[in-house]
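Inspection log for the structure reproduced underneath, given as structure tokens.
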Amino acid sequence: MTVSERDVRHVAELARLHVEDDEIVGLVGHFTGIMAHFNALARAGEEGRLPLDDLSPVVFAHDEIPPLRADEVVESSVGRAVLDAAPDAREGFFVVPRIMEGDE
Amino acid sequence: MNAVYMPVIGLEVHVQLATASKIFCSCSTDSMGAEPNRNVCPVCLGLPGTLPVMNEHALRLGIRAGLALSCAIRDRTIFHRKNYFYPDLPKAYQISQYDLPLAEGGEIVITGDDGAPKRIRITRLHLEEDAGKLVHSAADGRLEGAERSFVDYNRGGVPLAEIVSEPDMSSPREAREYVQTLRRLVRYLGVSDGDMEKGSLRVDANISLKKVDGATGDLLFWGERSEVKNMNSLRAVERALAYEIERQRILMERGGTPERETRHWNDGAGVTTAMRSKEAANDYRYFPDPDLPPMLVTEAMEERERRALPEMPWKKAERFTEQYGLPAADVEVLVESLPLADYFEACVAAGASPLRASNWVRVEVFRVMNERKLPADAFPVAALSLGRLVAMVDEKKLSTTVAREVFDAMAGGKSLDEALKGAGAAQGGIASEALEGIIRAVVAQNPDVLDEIRSGKDGSGKKRKFLTGLVMKETRGQADGKQVQAILDSVLGELL
């Protein structure tokens, strides 16, 4: 798979990252390298080297039931501290630039 | 050619699970009236270095709902990150499920438009965390400001089950019926309070129109679907879909093609409006959340939830029809809420006849519940007491009028015995000697009427009825009408 400048700009937009035009070429190079690595991983299951194709995300590394939490309320007082550290807060709310309903 | 437009509707319903704490942290889920950003902690605020841990009860409720919808429960299920950049998500991703949801392939049966049972297939049920709430302005003006939005994360991390149907509904009415059936089910299961106004049950609809040749039934054209959001009541679901069907139909009739878009229902204006579409926004870049191990649903867990299932509302409806011989309309009302259905059955168990008990519950109990905004399980009159009261009416020991007075006194906090005494009614009704005394007094007080009867002017029996009415009034309706007639006849017989 080849990575284009358009791909890089698309990913940057999704991540809400501002990328200068002169940075794009370098990033295309990075992306291409990363994709090459994934291609290598994808080939690892071939020729009987590793049974990766049989692995799914639901395979457990250990044969143990994952921890679950009892449904009990524990209060945290961190909200106040986080509000104090926020760039803008008012009346207990975090304040952000106006976003209209439906601007997703 | 006569073209017919057929709506195709699928629904996504978000149900807030009835847990005390959030899905991945120990913050309270009860934010009614709480100050903003009170129920937050490092985990649901997405602070670095924190790890989510699954709430066992949320998982159990999800399993229970899945089983009740006849879904297959996946024994190993995983969570994905759904990435999008919006201030309602402090982490910039929502923990949700993607290709391996907790439950899949179920069904629910509704009454279709033709009156016959209709199967609506359930695609999947998955668990996810809710997002925070954005406030754009407050009614009291305190938060006014065109340049700013206000964010409250109390709701962020509250557990949701998203239940997705196949596009099996063909009308706004069927969609409403589906939501109503689902709401009743989650309430029966104790999975959610299902309150649409509070936002504990939210509905998004996918709707498209098929253009079909009216004569041959051939499919001529199938428009793109729109997704309608922000329907906050059953009525809004029905109205929004009816509007959207009209909008798409008119568009297609004018030669246009509906676009795939998200539309916002504006309840006040009664219209849907397009939300600004951004292709990029739909690229959620799902990937498995590395912070959460796969969830293991053991057979024991599944079995425990299966045993926790109550009698399903549709089964209860069948049973009420057969066992109690109630009309369909009565059954519909009684099974709508589990506490109410239980209350009715307890009345019957206490000796009331089913039909009269049903009438009392649907009329008197509902009236007091509505007046005082009470849920059925907090009703002040014990079902046993109402059952005994109704039984007295059945046995004609009490008239309906007096029974209502007794009921109101019980609703005011009195016991059945106190209320009976207060209404001047002894439990055995009125002794016939006492009744005879009253009748003699009534006749003595109305010599003119007696004269008219004597002179044979009462061929139609009106005068007798008049006297009976006076007696009933005197006994405040406690006397049995037939008994009054019999005694009156014998008293008059002596005097004539």
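The values are calculated or read from the model by the stated rules, or taken from the named source; none is laboratory data. All values derive from a computational prediction rather than experimental measurement. No Cβ is skipped: glycine too gets one built from the backbone with ideal geometry, and neighbour counts run over all protein chains shown. Surface accessibility is based on the protein's heavy atoms, side chains included, excluding ligands, DNA and RNA. Shrake-Rupley method; radii C 1.70, N 1.55, O 1.52, S 1.80 Å.
Key figures for this structure:
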{"quantity": "Only listed residue being out of contact with any Leu (no Cβ under 8 Å at 6 or more places or on another chain) and either open to solvent by 10 Å² or more (accessible area, probe 1.4 Å) or more than 13 Å from chain A (Cβ to nearest Cβ) (or both), chosen from B:Ser192, B:Ser170", "calculated": "B:Ser170"}
{"quantity": "Number of the condition not met by B:Gly413 [criteria: (1) without any contact (Cβ under 8 Å) to a residue 24 or more places away in the chain; (2) under 30 Å from B:Val348 (Cβ atoms)]", "calculated": "(1)"}
{"quantity": "Condition check for B:Ile487: more than 22 Å from B:Ser399 (Cβ to Cβ) and modelled with pLDDT of 80 or more", "calculated": "no"}
{"quantity": "Residue count, the range B:346-367 (criterion: under 15 Å from B:Pro327 (Cβ atoms) and β-branched (Val, Ile, Thr))", "calculated": "2"}
{"quantity": "Test result for B:Ser96, touching a His at 6+ places or on another chain (Cβ under 7 Å) and under 27 Å from B:Thr181 (Cβ atoms)", "calculated": "yes"}
{"quantity": "Selection status of B:Val4, more than 14 Å from chain A (Cβ to nearest Cβ) and at pLDDT 95 or above", "calculated": "no"}
{"quantity": "Single condition B:Glu162 does not satisfy, out of (1) open to solvent by less than 30 Å² (accessible area, probe 1.4 Å); (2) over 28 Å from B:Leu100 (Cβ atoms); (3) part of a strand (DSSP E or B)", "calculated": "(2)"}
{"quantity": "Those strands (runs of 3 or more DSSP E) lying entirely in the range B:211-300 with at least 2 residues assigned by TED's automatic domain parsing to the domain that holds B:Ala175 and within 30 Å of B:Gly46 (Cβ to Cβ)", "calculated": "B:226-231, B:261-266"}
{"quantity": "Evaluation of B:Leu220 against (1) open to solvent by less than 70 Å² (accessible area, probe 1.4 Å); (2) more than 32 Å from the chain's Cα centre (by Cα) (one fails), failing number", "calculated": "(1)"}
{"quantity": "Residue tally, condition closer than 15 Å to B:Val151 by Cβ and among the small types (Gly, Ala, Ser), over the range B:35-67", "calculated": "1"}
{"quantity": "Flag if B:Arg285 is out of contact with any His (no Cβ under 8 Å at 6 or more places or on another chain), at positive phi and not hydrophobic (A, V, I, L, M, F, W, C)", "calculated": "yes"}
{"quantity": "Meets criteria (surrounded by fewer than 20 Cβ atoms within 10 Å (Cβ to Cβ), more than 8 Å from chain A (Cβ to nearest Cβ) and closer than 26 Å to B:Val228 by Cα) for B:Met32", "calculated": "no"}
{"quantity": "Scope the range B:457-476; condition buried (at least 19 other Cβ atoms within 10 Å of the Cβ) and not in a helix (DSSP H, G or I); matching residues", "calculated": "B:Thr475"}
{"quantity": "Test set (1) assigned to a loop (DSSP other than H, G, I, E, B); (2) under 25 Å from B:Ser70 (Cα atoms); (3) among the aliphatic types (A, V, I, L, M) - B:Ala352 fails condition number", "calculated": "(2)"}
{"quantity": "Test: residue in the range B:141-154 that is out of contact with any strand residue (DSSP E or B) (no Cβ under 7 Å at 6 or more places or on another chain), modelled with pLDDT of 95 or more, part of a loop (DSSP other than H, G, I, E, B) and open to solvent by 10 Å² or more (accessible area, probe 1.4 Å)", "calculated": "yes"}
{"quantity": "Number of the condition not met by B:Arg304 [criteria: (1) surrounded by 15 or more Cβ atoms within 10 Å (Cβ to Cβ); (2) at pLDDT 95 or above]", "calculated": "(1)"}
